[in-house]
Structure formats: C-alpha cells, structure tokens
RNA sequence: GACCGGCUAGCUCAGGUGGUAGAGCAUCUGCCUUUUAAGCAGAGGGUCCUGGGUUCGAGUCCCAGGCCGGUCACCA
C-alpha cells in the first residue's frame, strides 16, 4: 500500500513527521479537558464583543473547518457535544508554534487552551494560547458542505458518516434513549432483565432458518438463536414471574429495508396474565416510548401520520383478509381457500398446510395496508405451535401481531402451558421439518419436561426493537438504525 | 433469486450522435492578523468498478461479472 499512497495521504504523513521533528508527539496519551463545546456556547453566549472570559478553558476536538488569514486563522473543532470556533494568531502562539498550527489538517484531533471571547460576528470563540496535537489524522475527510452522501460508504465507513453527518449521531442517541427508557419502564413494573444462551443446541421459539455453527471441543453443531422464547419460559417455570430479555437474535433470511440478519429483540414474559394482559402492556410501553421521544402520540413516519393514541384497533385475521384483501375465507373448506389463494396469484404452497396458506394470504394482501397501530388477532393454530388455543375456538390460537406502517413490530401469545398439547404441536412441526420446512420448530424434550413441572398461565410478547426505533426516529431503512448493517464484502471472500 | 437504476480525482458531481477526461471543495506554493462555503494568484492530482468484445479509436456502444440502492420475491 505504501507505494500507492495518494498525494493527500502522503502529505499528511509528511506533516506527521514535521510535528515529530518539532517535538510534538502526534499520538500523545491524554489531555485534560475542562469544557465541551456546547457548555462553552451556553456559558459565554452573553459575553459582549471585546470581552474575555476570566478563566482559561481547555477543549478538545476534531478540526472540521479551517480559515487561514496569514498570521491569524480561524477553525472549528468538533467534540461529542457540538462545534466551537477557535482563533489562533502568531502574536500569541509565537512564530514556531504558529507554523505548526497552520499545518493542522481537517480531521486532526487537537486540544486547545485559552480564554473565551466573542468575535465581531458575535461568535463564541476560544483564543488559542496553547494547542496540542492529540491525534494526527492521515485520511482526508469528505467535503465540508455536501458531507458524505454515498449510502454504501456511509454504511461501510460509519465512523466517517458519524463525523460529518450530525443527524446520524442524533438517530443513534435516540436509539439509546429508547432502549434505556424501555428498560426503566419494565423495571419500574417489577420486571427483571435476564440473559439466556445465544448458542443453542437446537432451534426454537420462532419460525425462521438459523445460522449454524460448530463447537470443536464438543464435536457438535450449534445454532445461533432465532429467539430466546423457550429459555425465558423455563425461567417462568423456575419461579420468576416477570422477566425480559433485550438481545440479539440471528435469522438466516433475506435482507430488506426491514430485515437484517442479526437484530435486536425484546421479549417479555409475565406469569398469571394472558394475551390481553400483554396487549395492554404493549400499548402502554410503546405509547410511553413515543411520548418520551416526541412529547405526543401523533408522529410522522415516511411522510405519513401515525397515531399511537390507545387503545389500538384489534382485527381478527379473517376479518382483515376480508377487509383489506377482499378474500372471505370464513366457513370455507381447505380446497376453497387454496383456490382463492391461487386466484390471488399465490402459488407454490400446494404442499404446505392450510394455516401457512392463510398466513401467506395475510402477508401478501393485508400487512402492507395496516398503517395505524393495529393488533391482528385469532391466528390459525398450525402456524403458532407455541401459543395457547383460543378459549372459544380450538382451531385458532391466542396470539396477536402488532403492525404499524406495514411492519410487524410485535408478536404475542397466551403461552401454551399444556405439555401434552405442546408435544402434539412439536410432533406436527417435526412432520413439517421432515417434509423440508427448514423453519419448523425442533422437538425440545427439555422444554417439554419444564412444562410438565408446570408453567403458570403466562402472557409473552416479543418486539422488533430496530423497527420500533425506525418508527420513532423516522428512518426509512433498518440500516439507518444499525451502526453497522450487514454488507457484503467488497471483494468476494476466498 | 428477478427487474430497474447507480459506480468518473480524497468528497460532491458534470461529461450530445465514440475522437488525448472536467468543475467545486480538499491538497500543494505565494499573498493575507476577526473569518465562517474567507478571499486573491498559480500548481499537482484519474485502474472512468472489473474482464472481454466491436471499432483506426471506448468513460461513452455490446457481452459477462462485482458492489450498492430501489421494487418485487423469500422471510412471523
């Protein structure tokens, strides 16, 4: 690489040497800051022109702009809190130090000490009495007013995106606030946060294809978890009554604006309640998060108004199919439903159970139409092997999916706690698996044993945290709420 | 996986019908002690994504491939 250094990088390396020659370490060990940009702007906003702070401040940050004027020059430095202008001149620094000061590049990280004053144009500015190079930057930053636009580069080199596009940092700060707010919400209600295994011996807890890995010492395959569900229910068996886990799950599926192969799930389990208990909890928690971020319950997402005022509408799956898909399957036979599916252009599901056909109908015809927060309820039993039968109709289960802006945000059940029923469901899944369904649940004998000891009536709900953050920060793609979304390597791996 | 679009200097982008590759910012040199897209004068900087093909000649046309984005498909 060293032979191919382009001019910009070569020049920066030469400057690095120049700093060394002058006795200034280009990569020193520490700097004692006394202030940050934002605080100084606040504190000295009322300073009069010509007035100067009594104190000498020490700030540090990255050089973002430079405006040289011969024997004096302005620059802005940026720290985590924002930007502040600095003003260095030869009279104060002396000829030698000022020469070095002029050599600073955009992107260099420096520490600056001096009094604070206000310029003619009324800008709070640090008058540099001493500056220290804290880190020489060897790679040029993107251009100062277009910034970094190329989406691919923004995702691949997120560190640059964060330096030059301040809005990006705001999105991730909000993400952090949302997660922290959720923790507080749940802890305030007596839930405890737990951690369960990510490396699993078998797949379970959701319908998804797992990533497979291998444990050398044990000489056995291991799967990256697709959901923590079955472990969390074991904890309820063990006597915890309110638990949640906030963590990463991994699904070996396609990538889209709402899918990343690894994403953050929030699963909550509460003993002695049912689907309707967690439905209420879901409404309260999401509404609280929306309010915390926006101060109100009506927000804009991709130019569309979304109103989180509770209660949200509840629509049985069959009704939703009729209303949004123009498909009436009430009282229809399997053959009739399959025919209907075919007439809607849904093919290739002849071998698959009727429940799945209905699910596909729903995904194709309904989900995209659900814009306002909606609970879809009463799912067919075949596709929900971990949910309790509907108390009024044994062909359905007690389950909801919460949909906003056409995206599934949450999925919840009255948890199935009858071990005999659960065994039968697993057996049906095993048949599907044998028939080639990679997403079918595995027979989990240990989980069944746990249920035999006794799982109290329990309501459980899982959230797609990334999608919730998308909604609350008005970001169009899941990639925009992940620091490092999955990208293909530029060169194919050997 | 299918279709559409993009890929040109460090960054943001221009480059009819094929004829030695351009601008702004950034960089370098000189001038400049309150500027903020600082200014003025000059200079350097390119695997035009990759590989083939057509052609006297390809950034441009054709074929294949790569990566990204979008739409669809897949996907609780």
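The values are calculated or read from the model by the stated rules, or taken from the named source; none is laboratory data. It should be emphasised that the depicted structure is a prediction, and the values quoted were computed from it without experimental measurement. All Cβ positions, glycine included, derive from the backbone under ideal geometry; neighbour counts span all protein chains shown.
Computed quantities for the displayed model
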quantity	calculated
Tally of residues being crowded, with 24+ Cβ neighbours inside 10 Å and free of Cβ contacts under 8 Å to residues at least 40 places away in the same chain across the stretch A:229-242	0
Any hit, the stretch A:417-426, residues being buried (at least 17 other Cβ atoms within 10 Å of the Cβ) and under 30 Å from residue A:257 (Cα atoms)	no
Positions within the stretch A:99-123 being more than 26 Å from residue A:160 (Cβ to Cβ) and more than 8 Å from RNA strand B (Cβ to nearest atom), in sequence order	A:99, A:113, A:114, A:115, A:116
Test for residue A:237: is it in contact with a strand residue (DSSP E or B) (Cβ under 6 Å, 6 or more places away or on another chain) and either assigned by TED's automatic domain parsing to the domain that holds residue A:469 or away from RNA strand B (no atom under 16 Å from the Cβ) (or both)	no
Condition met for residue A:186 (under 30 Å from residue A:278 (Cβ atoms), at pLDDT 95 or above and either out of contact with any helix residue (DSSP H, G or I) (no Cβ under 7 Å at 6 or more places or on another chain) or not in a loop (DSSP other than H, G, I, E, B) (or both))	yes
Single unsatisfied condition, residue A:394 versus (1) crowded, with 18+ Cβ neighbours inside 10 Å; (2) at negative phi	(1)
Some residue of the stretch A:187-204 being within 15 Å of RNA strand B (Cβ to nearest atom) and touching a residue at least 24 places away in the same chain (Cβ under 8 Å)	yes
Count of residues meeting criterion [in contact (Cβ under 8 Å) with a residue 24 or more places away in the chain, more than 16 Å from residue A:465 (Cβ to Cβ) and more than 11 Å from RNA strand B (Cβ to nearest atom)] in the stretch A:391-424	8
Residue under evaluation residue A:80, criteria (1) within 35 Å of the chain's Cα centre (by Cα); (2) buried (at least 17 other Cβ atoms within 10 Å of the Cβ), criterion not met	(2)
Test: residue in the stretch A:432-450 that is within 14 Å of RNA strand B (Cβ to nearest atom) and part of a helix (DSSP H, G or I)	yes
All positions within the stretch A:291-315 that are buried (at least 17 other Cβ atoms within 10 Å of the Cβ) and not in a loop (DSSP other than H, G, I, E, B)	A:292, A:293, A:299, A:301, A:306, A:315
Any hit, the stretch A:460-477, residues being assigned to a loop (DSSP other than H, G, I, E, B) and within 10 Å of RNA strand B (Cβ to nearest atom)	yes
Qualifying residues in the stretch A:14-45 (those that are part of a helix (DSSP H, G or I) and in contact with a helix residue (DSSP H, G or I) (Cβ under 9 Å, 6 or more places away or on another chain)) - the one surrounded by the most Cβ atoms within 10 Å (Cβ to Cβ)	A:15
Of residues in the stretch A:113-158 being closer than 30 Å to residue A:483 by Cα, out of contact with any helix residue (DSSP H, G or I) (no Cβ under 8 Å at 6 or more places or on another chain) and at pLDDT 95 or above, the one surrounded by the most Cβ atoms within 10 Å (Cβ to Cβ)	A:134
Which numbered condition residue A:106 fails, given (1) part of a strand (DSSP E or B); (2) within 26 Å of residue A:170 (Cβ to Cβ)	(1)
Flag if residue A:174 is touching a residue at least 24 places away in the same chain (Cβ under 8 Å), touching a helix residue (DSSP H, G or I) at 6+ places or on another chain (Cβ under 8 Å), in the same structural domain as residue A:32 (by TED's automatic domain parsing) and more than 10 Å from RNA strand B (Cβ to nearest atom)	no
Among the residues listed as A:378, A:328, the single one being in a loop (DSSP other than H, G, I, E, B), more than 10 Å from RNA strand B (Cβ to nearest atom) and touching a helix residue (DSSP H, G or I) at 6+ places or on another chain (Cβ under 6 Å)	A:328
Some residue of the stretch A:30-41 being in contact (Cβ under 8 Å) with a residue 60 or more places away in the chain and more than 27 Å from residue A:167 (Cα to Cα)	yes
Single residue of the stretch A:46-73 satisfying the filter (more than 12 Å from RNA strand B (Cβ to nearest atom) and loosely packed, with under 13 Cβ neighbours inside 10 Å) that is nearest to residue A:101 (Cα to Cα)	A:55
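Yes or no, residue by residue, for (1) crowded, with 17+ Cβ neighbours inside 10 Å; (2) part of a strand (DSSP E or B); (3) more than 16 Å from RNA strand B (Cβ to nearest atom); (4) in contact (Cβ under 8 Å) with a residue 24 or more places away in the chain:
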residue	(1), (2), (3), (4)
A:207	yes, no, no, yes
A:218	no, no, yes, no
A:227	yes, no, no, yes
A:253	no, no, no, yes
A:270	yes, yes, yes, yes
A:273	yes, no, yes, yes
A:279	yes, no, no, yes
